[in-house]
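Here is the structure we will look at.
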Amino acid sequence: MPFYLRESDVSLQLAGLQSVLIVPCRFCPAASLAVRENEPYIELFRRFLRTGAYESFIQTLTRRLEDRGIKTAVFDSRLLHQFVACMWTSRRREEFAKRAAQFDGVVVLGCDAMVETVSSSLESTDCRLIQGMEIEGLMNVLPTLRFPFTLSLELHSVTDVAGPRTH
């Protein structure tokens with residue numbers, strides 16, 4: 001089950017930044033936006049493994065930041081095994097840290113686990129981490145496959161998740 005995420009207001013956290021690297025996870029945020037916008041999650045032959053609603057969200061965020069005079073870039077990959085950011089390899093984390101070092105801040109579009117992945121990768125930089133999405137809960141979805149390989153997700157419920165637990 002993917003996390004159901006919503007956009008955070010990052011306006012105040014952007015104060016003083018001149019450049020931002022947008023770091024998207026392509027799993028939970030994409031599924032959340034596809035469900036919220038009632039659009040397909042995957043349209044293999046139209047967008048390959050990209051989700052239209054999520055791509056629009058990233059483009060809108062980029063435009064909003066650039067309208068504020070902030071230089072932006074997206075840390076992206078076309079490789080399937082790098083789509084789920086909370087499972088990046090050590091090599092991918094190193095690539096990210098090198099790229100992030102060129103920016104004043106990073107806007108993380110993903111869950112808390114991704115924020116932790118990005119945070120631990122940024123330890124050697126002065127880059128400000130900005131959490132661009134918040135968890136509302138876990139999605140219970142019904143996937144529907146239509147010809148030609150269009151995958152849609154119907155939201156059945158959102159289950160609250162407990163906060164951090166101490167052992």
Identify, please: which residue in segment 86-103 is touching a helix residue (DSSP H, G or I) at 6+ places or on another chain (Cβ under 7 Å) and in a helix (DSSP H, G or I) and is, among those, surrounded by the most Cβ atoms within 10 Å (Cβ to Cβ)?
96
Contacts under 6 angstrom Cβ, first residue in segment 90-110 being over 9 Å from residue 125 (Cα atoms), partner surrounded by fewer than 16 Cβ atoms within 10 Å (Cβ to Cβ), 6 or more apart
103/19; 104/18; 104/19
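Each reported figure results from applying straightforward, stated rules to the coordinates on display, with no laboratory input. None of these values were measured; they are calculated from a predicted model. Cβ sites come from the backbone with ideal geometry, for glycine too, and all protein chains shown count toward neighbours.
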